[in-house]
Structures are given as structure tokens and as C-alpha cells.
Amino acid sequence: MKFVKRVLLALGLPIVLVALWWVTSANSFNYYFPPLSKTLDWFGKLWFSARFADDVVPSLVRLLAGFALSAVIGVALGVALGLTDALRRGAEPVLEFVRAIPPTVLVPVIALVAGIGDGAKILVIVSGCVWPVLLNTVEGVRAADEVMVDTARSFRFTWVARLRHLVLPAASPQIAAGLRQSLSIGLILMVIGEMFAATDGLGFSIVQFQRTFAIPQMWSGIILLGLIGFVLSALFSLIEKRALGWYLGLREAQKRNG
């Protein structure tokens, strides 16, 4: 019963919005806002065909590669900066300067340096995704219990043991929050990267439809993009609940007792 209630709460508003879109656009003669029925018809024709493998799969591969690379770089640098005050103070001005530059501005620069291949598009994703992971990791590491850190040091735990059993578990909720933010940013940058000098990808397809005034096809690509974002967010939530079950259980216990 509780599961059914959760499903209804999750899907209730989307169903209402889709129904409203269907009704209000049913008799639309506006060229730029076609009926939803026509858009969904093209959705089936386009994305349940070979075009899915040709355009959507490459986009997902780039997104996952950029997201994974951002996670590795962000966590590694975040742990180093969080554990070393001098290193963090020295690197902070440079990091703040680079972080303030919008990733979209770097797209032409990355294209000049790295070309227009998959590597450049992955680099565009990394340029924006790495910051939430890095900053959240730094804050998570710095928030580790100082008493436990001193105790581990007193018992002569190796730095690897302290990192594995104390620092990373303590910082994992913050790291997960950074990864969640990066996932949504990565989806946006995936599309932006594919809009510049690309030959395939979901972003490339949407731009091509717009340039050729294939408006229902363009809207079908936008809907697919939203569905991909929803599915990725749901998958991340499942993984997060499994990986951080101990933390979520502890928080629930604290709520009940406090």
C-alpha cells in the first residue's frame, strides 16, 4: 500500500500535466506548438528505430564517461584539498577563478584544443560536472569527526585505512549530493556539446530538426531528453539508497528519537 502511494505521488503531477498538454494542444494550428498527439507519433517513429542507436546511445556513452571522469577527479582532488589545509588555501583562489567561468563559454576553446570528436564532448561535460563533486567532497572531508580522526591517528592507523574506514564514509553523503548535482549538469552540457560541430547525438538531432523546421520531431527529442533525465535520476536514487543505507537509517533513527 505504501509503495502504491509513493508511485501515485510520483506520477500524479506528470500525468496531470501531460493530460493538460494533450487537451490544450489538441486543436492547435500553431506551427511551433503542434498537437501532442502528432509529437508522440513522431516520437515513436524516430526513437523506436535505428536512430536510437545512432544518436541516443552515443550521447549516453559520452554523458556516463564524462560523469565517471568527473567523479574520479572531483573525489580525488576533494580528498586531497580537504585533508591538507595549506594545499586548500593555496589552490582556493585558482579554483574559485576557474569555477566562476561558465562551462558553456569553454565549448569553443575546447573545440579548438581538442577538436570535435568524442573526447572534446566528454571534456565539455567534465568542465562543468567536476565542480559540485569537488566542492562537496572538500566540505565532507573537512566535516569528519575530529575526535575519531585523532583516535585513528593515535592507534596508528595507516593513511589508507583512515581514508577507507573514516574519511570517505564520513564524506560520502556530501559526495553523493555533489554527484547528484553533477548528473543534471552533465545532461545539459551533453546537449550543448553536441550542438557545436557534431555529426551525431541527441543534441545534434534536436538542432537539426530546429534548423529544418521539423518542429514535431524537435519536440519529440526534447521529450526524450526529459525522460532520460528522469530515468537517470531514478537510477541514481536507487544506487544512493543502497550505498548510503547506513546513513539514511541513522538519520531516520535520530528523527524518531529526537
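The values are calculated or read from the model by the stated rules, or taken from the named source; none is laboratory data. The structure displayed is predicted, hence computed values, not measured ones. Here the Cβ positions follow ideal geometry from the backbone for every residue, glycine too, while neighbour counts run over all protein chains shown. Just so you know, the surface numbers come from the protein's heavy atoms only, side chains and all, with ligands and any DNA or RNA stripped out. Shrake-Rupley method; radii C 1.70, N 1.55, O 1.52, S 1.80 Å.
When Val130 is tested against (1) outside any loop (DSSP other than H, G, I, E, B); (2) open to solvent by 40 Å² or more (accessible area, probe 1.4 Å); (3) of a type in the set (Val, Ile, Thr), just one condition goes unmet, and that condition is (2). A count restricted to the stretch 215-225 and to residues that are farther than 22 Å from Ala65 by Cβ and either surrounded by fewer than 17 Cβ atoms within 10 Å (Cβ to Cβ) or in contact (Cβ under 8 Å) with a residue 24 or more places away in the chain (or both) stands at 7. Entry remark, the stretch 25-43: residues being open to solvent by less than 100 Å² (accessible area, probe 1.4 Å), part of a helix (DSSP H, G or I) and farther than 18 Å from Gly203 by Cα number 5 in total.
Scanning the stretch 183-208 for residues that are buried (at least 20 other Cβ atoms within 10 Å of the Cβ) and not in a helix (DSSP H, G or I), we see that the one that is modelled with the highest pLDDT is Gly201.
In a residue-by-residue description of the stretch 132-152, the property of being of a type in the set (Ser, Thr, Tyr) and farther than 30 Å from Glu194 by Cβ applies to at least one position.
Looking only at the stretch 240-258, count how many residues are at pLDDT 80 or above and more than 14 Å from the chain's Cα centre (by Cα).
From the stretch 240-258, those at pLDDT 80 or above are 240-245; that's our starting set.
Next, only the ones that are more than 14 Å from the chain's Cα centre (by Cα) stay: 241-245.
Looking only at that region, the number is 5.
To keep it simple, each residue is scored yes or no on (1) modelled with pLDDT of 85 or more; (2) open to solvent by 60 Å² or more (accessible area, probe 1.4 Å); (3) on the phi > 0 side of the Ramachandran plot.
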{"position": "Ala65", "(1), (2), (3)": "yes, no, no"}
{"position": "Ala68", "(1), (2), (3)": "yes, no, no"}
{"position": "Val75", "(1), (2), (3)": "yes, no, no"}
{"position": "Gly78", "(1), (2), (3)": "yes, no, no"}
{"position": "Asp85", "(1), (2), (3)": "no, yes, no"}
{"position": "Gly90", "(1), (2), (3)": "yes, no, no"}
{"position": "Phe97", "(1), (2), (3)": "yes, yes, no"}
{"position": "Ala111", "(1), (2), (3)": "no, no, no"}
{"position": "Ile116", "(1), (2), (3)": "no, yes, no"}
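Remark: pairs (first residue in the stretch 117-133, farther than 10 Å from Leu189 by Cβ; second residue aromatic (Phe, Trp, Tyr); Cβ separation under 6 Å; 6+ apart in sequence or on different chains) are absent.
Just to check your reading of the model, which residue among Val105, Val160, Val126, Val149 is out of contact with any Gly (no Cβ under 8 Å at 6 or more places or on another chain) and more than 18 Å from Leu83 (Cα to Cα)?
Values: Val160 fails: more than 18 Å from Leu83 (Cα to Cα); Val126 fails: out of contact with any Gly (no Cβ under 8 Å at 6 or more places or on another chain); Val149 fails: more than 18 Å from Leu83 (Cα to Cα).
So the residue among Val105, Val160, Val126, Val149 that is out of contact with any Gly (no Cβ under 8 Å at 6 or more places or on another chain) and more than 18 Å from Leu83 (Cα to Cα) is Val105.
Taking first residues from the stretch 152-181 that are open to solvent by 40 Å² or more (accessible area, probe 1.4 Å) and partners that are among the charged types (D, E, K, R) and in a helix (DSSP H, G or I), the Cβ contacts under 7 Å between residues at least 6 apart in sequence or on separate chains come to Gln174/Glu139. Against the numbered list (1) touching a helix residue (DSSP H, G or I) at 6+ places or on another chain (Cβ under 8 Å); (2) more than 22 Å from Trp22 (Cβ to Cβ), Leu225 comes up short only at (2).
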